[in-house]
Amino acid sequence: MAEDTTVNSGDIARLGRVSRAAVSNWRRRHPDFPQPVGGTPSSPRFSLRDVEAWLRRNGKAYTVSAAEQVWQRLRAEGGELGLGHVVARAGALLVWLRDGDDAPLVAGVAERTDARFVELVEELAEQHGHAGAFELLHGRYLETHGRVLGATSTEVTHLMIRLADVPGGTLLDPACGTGGLLLASRARRVFGQDAAVDSAVIAAARLRLHRRTTTVLTGDSLRHNALEDVEADAVVCDPPFGDREWGQTELVADPRWVHGLPPRGEPELAWVQHCLAHARPGGRVVIRMPAAAASRRAGRRIRANLLRDGALRAVLTLGPDADLWLLRRPRPGDPAPSRVLLRDADQAGDVWADIASGHGVRIVDLLDDDVDLTPARHVHRVNAGGLGQGYADALERFRELELVPPELPTLTERRDLRTTPIGRFERAGVVSIRQSTSQMPVSRGELTVLTSEDLTLGRPASGRTVPTDRVVRLEPGDVVAAPTGAARVVEVPAVLGPGLAAYRVDPTHLDAEFLAGVLRAAGPWNRGASRTELRRTHVPRLPLPDQQAYGRAFRALLTLQDTVRAVAEQGDRLARLGLNGLLDGLLGPP
């Protein structure tokens, strides 16, 4: 490895097979721990050579895995600015090593790569499979450059794909990034385009390695539409927000602007119409939009036209800064709908069924001078007569919350604990580890599915799926962990949701609450984590009574987190209902 290779705290934790918290303890308690050589105060970077020397000097066991060696080679070669390019090359190399053809994606890769690096990548592929190997590298890339890339979160990805719902059909993403939305879909064929060449190559490599039938091209979809002739069953898109240089002047007469020329300051409305142009008649569009796009005055004419023409069918609030817009390209002769659905995304349910049933706000009530489609401003219009009862119900639920924090444990400082990889517990028969299939449908079926969002929020299982021999069934007492770092002991039977891992323990040797706390404290893991990676989490070696004491402490702190979040969420809902009711004159003091 290059002498100037640097690592962050997460890299050090992986080297030492410990948690990030243990690395923080090392920095705090050992004066000779290497000082940062770069990065920022909140995200320092350390010399890998110095860290390895310190680990050896202090008797800390560490292993530089093939994945770590490949990643550090990529970091050293690409640096901060060129990292995307070298990751893309690694993906193309993995495609070439597996398929050995001369597709444009992989042409010439072997000739441009030194033999030692090829050996490392081959070793990584032998351990994790070619697709799994690249998912590991892609996950590390997102950890490093996630904010710059603007990758769609796992929860939003699953929601968008569920709402698009084209199993067996065709799906297009005109701003596909590294391919997260396309890879999550069950479409028979997927199309993607992205302005960033590196991202497009990474997306193409990921999809090819997962053996998906795909076409991914490069270029700005608005200015240089490389997929002009494609009409898909559904289009999904998480476009870049706020790009005023999107090409309005040169695209004034573009035929895509069926609902009006987007103003220069409304690039997202250009993306909406671009997506509609690529949906077949009757096809769906699911697009993430800035929350302000629902109310900015410059876009009110296009919003009105989308409503009048029956194209915009729902706006779902994702949070304070973003919404999902659901559109359907009208077929010739389709009757114009009279209502549009406006609601929170966490109450999405079966949105298309609700749309078909005529739920929502009357479109005629929205066609005023503002054409404001912000869901929170119209929640009362769905059933104005019930707003008082809705506020009373929300107030009652808020009062029922446990506002007093749970009894918290007293924690005292102690030395580092000796740990063992969880894989050894598995080999001893103390725990079994299972993963769900990432392609599981979670929108309908007779089985209840525990999703990643359910796990994070501590709510009952909300997904649905159909019985197959591949589903992983959970029993009370199982520990479930998510890539985000969430981990809990489940209390009712369910099916394990996409991307999650389940741990079933022998309660005579391992306490479930203790293991859940350890997994939660260990932090996030890669979405593409292999069976090997999941077994590398280190668990403190403690007698069962001590594990149970730790488990009670972990559980109390998790309950505190749940309580704080529930108070914040219910309090915000109560305040919004009250404020909107007072503002619109539908509620008032007695």
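The values are calculated or read from the model by the stated rules, or taken from the named source; none is laboratory data. From a predicted model like this one, the values you see are computed outputs, not experimental measurements. Counting neighbours? That spans all protein chains shown, and the Cβs are built from the backbone with ideal geometry, glycine included.
Among the helices (runs of 4 or more DSSP H) confined wholly to segment 59-144, which include 1 or more residues that are modelled with pLDDT under 85 and of a type in the set (A, V, I, L, M, F, W, C)?
Values: elements: 66-78, 83-99, 115-128.
The qualifying helices (runs of 4 or more DSSP H) are 66-78, 115-128.
Every test in (1) at pLDDT 75 or above; (2) farther than 30 Å from residue 578 by Cα; (3) out of contact with any Lys or Arg (no Cβ under 9 Å at 6 or more places or on another chain) is passed by residue 395 save one, and that test is (2).
The set of residues in segment 219-245 being within 19 Å of the chain's Cα centre (by Cα) and in a loop (DSSP other than H, G, I, E, B) consists of 238, 239, 240, 241. Residue 537 fulfils the conditions (1) assigned by TED's automatic domain parsing to the domain that holds residue 431; (2) within 24 Å of residue 410 (Cα to Cα) except for a single criterion, (2).
Of 254, 321, all but one fail to be under 25 Å from residue 156 (Cα atoms), of a type outside the set (A, V, I, L, M) and in the same structural domain as residue 370 (by TED's automatic domain parsing); the exception is 321. Kindly establish whether residue 333 is of a type outside the set (Val, Ile, Thr), modelled with pLDDT under 95, assigned by TED's automatic domain parsing to the domain that holds residue 362 and over 27 Å from residue 170 (Cα atoms). The answer is no for residue 333. Scanning segment 357-369 for residues that are out of contact with any strand residue (DSSP E or B) (no Cβ under 7 Å at 6 or more places or on another chain), free of Cβ contacts under 8 Å to residues at least 40 places away in the same chain and more than 21 Å from residue 346 (Cβ to Cβ) returns 364, 365, 368. Which of the residues spanning segment 501-521 are within 16 Å of residue 463 (Cβ to Cβ) and either among the polar types (S, T, N, Q) or buried (at least 24 other Cβ atoms within 10 Å of the Cβ) (or both)? Within segment 501-521, none qualify. The residues of segment 273-317 that are touching a strand residue (DSSP E or B) at 6+ places or on another chain (Cβ under 9 Å) and either aromatic (Phe, Trp, Tyr) or closer than 12 Å to residue 340 by Cβ (or both), listed by number, are 294, 303, 306, 307, 310, 311, 312, 313, 314, 315, 316.
If you check 480, 472 for being surrounded by fewer than 22 Cβ atoms within 10 Å (Cβ to Cβ) and at pLDDT 85 or above, only one passes: 472.
Residues being under 22 Å from residue 370 (Cβ atoms) and surrounded by fewer than 19 Cβ atoms within 10 Å (Cβ to Cβ) are entirely absent from segment 266-289.
Can you confirm whether residue 524 is modelled with pLDDT of 80 or more and either within 22 Å of residue 67 (Cβ to Cβ) or not charged (D, E, K, R) (or both)? Reasoning before the result, please.
Values: modelled with pLDDT of 80 or more: no; either within 22 Å of residue 67 (Cβ to Cβ) or not charged (D, E, K, R) (or both): yes.
In short, no.
Remark: residue 320 matches the filter, which requires a residue to be out of contact with any strand residue (DSSP E or B) (no Cβ under 6 Å at 6 or more places or on another chain) and in a loop (DSSP other than H, G, I, E, B). State all residues of segment 301-317 that are touching a residue at least 40 places away in the same chain (Cβ under 8 Å), surrounded by 18 or more Cβ atoms within 10 Å (Cβ to Cβ) and in a loop (DSSP other than H, G, I, E, B); if no residue qualifies, say none. Result: 311, single match.
With under 30 Å from residue 131 (Cβ atoms), modelled with pLDDT of 85 or more and not assigned by TED's automatic domain parsing to the domain that holds residue 17 as the only criterion, which of 516, 529 stands out?
Values: 529 fails: modelled with pLDDT of 85 or more.
Within the list 516, 529, the selection yields 516.
For segment 469-501, a residue qualifies if it is of a type in the set (A, V, I, L, M) and within 19 Å of the chain's Cα centre (by Cα), and the qualifying residues are 480, 481, 482, 486, 487, 496, 500, 501.
Residue 298 - would you say it is surrounded by fewer than 18 Cβ atoms within 10 Å (Cβ to Cβ) and touching a helix residue (DSSP H, G or I) at 6+ places or on another chain (Cβ under 8 Å)?
Working: surrounded by fewer than 18 Cβ atoms within 10 Å (Cβ to Cβ): yes; touching a helix residue (DSSP H, G or I) at 6+ places or on another chain (Cβ under 8 Å): no.
So residue 298 does not fit the description; no.
Residues 76, 53, 61: which one is within 30 Å of the chain's Cα centre (by Cα), among the small types (Gly, Ala, Ser) and outside the structural domain of residue 215 (by TED's automatic domain parsing)? Give the steps one after another, and end with the answer.
Details: 53 fails: within 30 Å of the chain's Cα centre (by Cα); 61 fails: within 30 Å of the chain's Cα centre (by Cα).
Criteria check complete, one pass: 76.
Considering each residue of segment 370-390 in turn, at least one proves to be farther than 25 Å from residue 284 by Cα, touching a strand residue (DSSP E or B) at 6+ places or on another chain (Cβ under 6 Å) and at pLDDT below 70.
Taking segment 18-40, which residues are part of a loop (DSSP other than H, G, I, E, B), of a type in the set (A, V, I, L, M) and surrounded by 17 or more Cβ atoms within 10 Å (Cβ to Cβ)?
First, the residues of segment 18-40 that are part of a loop (DSSP other than H, G, I, E, B): 18-19, 30-37, 40.
The next check asks that each one be of a type in the set (A, V, I, L, M); those that pass are 18, 37.
Answer for segment 18-40, where residues must be part of a loop (DSSP other than H, G, I, E, B), of a type in the set (A, V, I, L, M) and surrounded by 17 or more Cβ atoms within 10 Å (Cβ to Cβ): just 18.
Tell me, yes or no, whether segment 273-290 has at least one residue that is part of a loop (DSSP other than H, G, I, E, B) and in the same structural domain as residue 323 (by TED's automatic domain parsing).
no
What about residue 48, is it among the aliphatic types (A, V, I, L, M), modelled with pLDDT under 85 and closer than 20 Å to residue 417 by Cα? For residue 48, the condition - among the aliphatic types (A, V, I, L, M), modelled with pLDDT under 85 and closer than 20 Å to residue 417 by Cα - is not met. One residue alone among 252, 201, 216 is outside any strand (DSSP E or B) and without any contact (Cβ under 8 Å) to a residue 60 or more places away in the chain, and that residue is 252.
A single entry from 173, 165, 194, 198 fulfils the requirement of being outside the structural domain of residue 498 (by TED's automatic domain parsing) and on the phi > 0 side of the Ramachandran plot: 165. It is to be established whether one or more residues within segment 48-68 are over 26 Å from residue 128 (Cα atoms) and among the acidic types (Asp, Glu). Within segment 48-68, one or more residues are over 26 Å from residue 128 (Cα atoms) and among the acidic types (Asp, Glu).
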